[in-house]
Amino acid sequence: MNRKKFYLALVIFALTGQVAWVVENMYFNVFIYKMFNASAAQISLMVEASAVAATLTTIFVGAWSDRIRRRKIFMCAGYIAWGVSIIAFAFVRLDWISAAFGITAGAASAAITAVIILDCVMTFFGSSANDAAYNAWLTDQTDESNRGAAEGINSMMPLVAVLVVFGGFMSFDLNRAESWTIIYLIIGTIVLLIGAIGFFLVDEAPVSGADELSYMGTILYGFKPSVVREHTRLYLVLGGFVIFGISIQIFMPYLIIYYEQTLGMSDYVLIMAPAILLAAVVTAFYGRLIDRFGYRKMVFPSLAMLGIGFLLLYLFPGVIPVRGLRMKLPVFAGSLLMMSGYLSGMAVFGSEIRNETPESMAGRFQGLRILAQVLIPGVIGPAIGAAVLQNAELIVNSDGTTSFLPNHSIFLAALGVELLLLAAILICRAVRTREKTV
């Protein structure tokens with residue numbers, strides 16, 4: 001594939017996919033809370049159902065793409081279907097549901113149920129197109145000479161997508177149903193169009209060889225003990241990725257609330273945008289260093305940036321005015337280092353996982369990657385964060401209800417888990433060194 005064409009496809013598909021995931025991960029909760037007064041239990045059910053749907057979809061569709069030796073059709077058709085499923089949310093409105101079914105009392109409950117079901121449908125198409133096919137395609141199209149650079153770009157897209165979504169829709173009144181209709185129509189249409197463009201832009205991944213396993217055998221391949229023994233290093237890196245993800249998920253669900261409510265940074269988007277952009281630049285440059293020096297030398301600097309960022313955010317939680325903005329330089333510096341360490345760490349682990357994935361088997365291993373990146377950290381990390389914040393300060397809202405204020409202890413807890421990761425890496429290296437000398 002032409003190099004420029006490859007990187008254009010990489011940027012377009014990675015950014016568009018992450019924009020769609022930001023809408024789901026950060027906006028759906030707000031959507032059903034503001035529009036339909038969803039309870040915490042209903043929001044939790046939606047998040048859990050979506051996580052399970054994403055994991056199962058990636059396992060089954062990834063294996064399917066291995067079986068037929070095709071990625072492009074899943075990517076492009078999947079993005080088209082993904083866009084259509086996002087557009088469908090524009091029609092989930094309380095006034096329209098009440099008028100269509102002649103109900104009032106149960107309209108909100110029906111709308112919440114519809115959103116949860118549609119979220120699972122959307123996740124199916126999104127995970128098929130992005131988590132399974134796109135990530136397998138990216139593995140197939142790269143090798144050890146350029147995976148770091150490609151993964152650096154890929155890893156910076158989640159935070160770039162946050163800027164795109166928050167910046168693009170920050171002027172919208174999210175208390176109005178019309179705003180949500182416009183948001184879903186815009187995002188859905190963009191994702192759909194990218195899928196259509198992909199048929200002309202994306203070259204089929206060079207997946208060679210014939211799969212002698214049955215479909216179920218392909219699905220279960222990565223879970224077989226013999227495969228684990230044969231590819232021990234891959235599973236060790238996946239294990240490290242799990243611990244890394246847990247560290248990130250301890251604070252990430254509460255980060256925006258911490259900036260906005262605890263630190264009083266109402267204009268946090270404008271303040272943190274430079275930190276995110278600088279972190280993205282650092283990550284793109286860091287990816288090239290990964291290609292040059294490899295995982296073994298580059299994993300520690302990324303974790304060092306992350307750890308120092310955690311330490312600054314924990315030690316200096318106060319806010320002072322700086323040129324009219326309510327922020328503190330250590331908070332900005334800590335956020336910049338934390339984001340740089342997070343994104344470069346994603347690039348280090350992501351590129352090494354691709355390096356260790358057996359040739360022509362990228363699809364069947366995407367389910368394991370999602371388990372390591374999304375499902376396990378997404379369950380354990382927030383639970384640790386919630387436990388740390390169990391006795392957090394409470395504030396009384398205007399309606400008499402109370403809300404908790406996340407505090408800087410979440411960064412200390414995240415640092416503790418990261419230190420466990422560092423210890424695990426050092427122990428694994430010591431064991432491997434000892435085995436080589438015996």
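Values in this text are rule-based calculations from the coordinates and carry no lab data. Small disclaimer: the values here were computed from a predicted structure and weren't measured.
Relative contact order of the chain, please, whole-number percent, based on alpha carbon pairs below 8 angstrom and at least 6 residues apart.
Details: 625 pairs, mean separation 109.9, N = 438.
The value is 25 percent.
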Legend entry - Translational D in µm²/s for the chain (Stokes-Einstein at 20 °C, 1.002 mPa s, Kirkwood Rh from C-alpha pairs): 94 µm²/s
Inset, instruction - Quickly estimate the mean residue ellipticity at 222 nm for the chain, helices only: each DSSP H run with n ≥ 4 gives -39500 (n - 2.57), and the total goes over all residues, rounded to 500. - result: -24500 deg cm²/dmol
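How much of the calculated P(r) for segment 1-202 lies past 23 Å, in percent of all Cα pairs? It would help to have the intermediate numbers written out before the result.
Details: 9317 of 20301 pairs.
In whole percent, the long-distance tail amounts to 46.
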Inset, instruction - Report the Stokes-Einstein translational diffusion coefficient (µm² s⁻¹, integer) for segment 211-438, Rh taken as the Kirkwood radius over Cα pairs, at 20 °C with viscosity 1.002 mPa s. - result: 111 µm²/s
Legend entry - Residue-wise HN-Hα coupling along segment 50-55, computed from phi with Karplus coefficients 6.51, -1.76, 1.60 (Hz; x: Gly, Pro): 5, 5, 5, 4, 5, 5
Inset, instruction - Compare 299, 47, 396 in a GNM of the chain, Cα atoms joined below 10 Å, and give the one with the largest fluctuation. - result: 396
Inset, instruction - Would you look at the GNM of the chain, springs on alpha carbons closer than 10 Å, and say which of 226, 85, 266 moves the most? - result: 226
Legend entry - In Å, descending, principal axis extents of the Cα set of segment 1-87: 49, 28, 18
Inset, instruction - Give a residue-ordered list of calculated ³J(HN,Hα) values for segment 144-150 (Karplus: 6.51 cos²θ - 1.76 cosθ + 1.60, θ = phi - 60°; whole Hz; x for Gly, Pro). - result: 5, 7, 9, 5, x, 5, 5
